[in-house]
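The values are calculated or read from the model by the stated rules, or taken from the named source; none is laboratory data. Only a predicted model underlies this, so the values are computations on that prediction, with no experimental measurement involved. A quick note on method: Cβ atoms are made from the backbone with ideal geometry, for glycine too, and the neighbour counts reach across all protein chains shown.
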Amino acid sequence: MFKIFFKKRQDLTDLERARALIGAIDRGGIPLNAARVNAIGRSLGLEVSISAPTSQTIERIRAALERADKSNV
């Protein structure tokens with residue numbers, strides 16, 4: 001009965017999480033959790049230093065998404 005009303009959300013893929021992050025930033029959001037940004041970067045295969053500035057990691061995530069989009073064309 002409850003399954004009808006409460007469907008389980010599917011987990012996002014690594015690329016979907018990265019696109020959601022970049023989309024939120026482009027809409028004017030500010031990433032408040034640097035650990036989450038670093039985790040998304042690592043899930044894309046980037047080597048992310050704990051001391052790396054969040055802005056640098058975000059730019060590297062953007063570049064990784066561009067590479068992924070080009071490889072899917």
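Taken as a whole, the condition of being at pLDDT 95 or above and β-branched (Val, Ile, Thr) applies to ILE40. Could you please tell me which pairs satisfy a Cβ distance under 8 Å, a separation of 6+ or placement on different chains, a first residue in region 42-71 that is under 16 Å from ARG19 (Cβ atoms), and a second residue that is among the charged types (D, E, K, R) and in a helix (DSSP H, G or I)? That search, which allows pairs on different chains as well, returns SER43/ASP14; SER43/ARG17; LEU44/ASP14; LEU46/ARG60; LEU65/ARG19.
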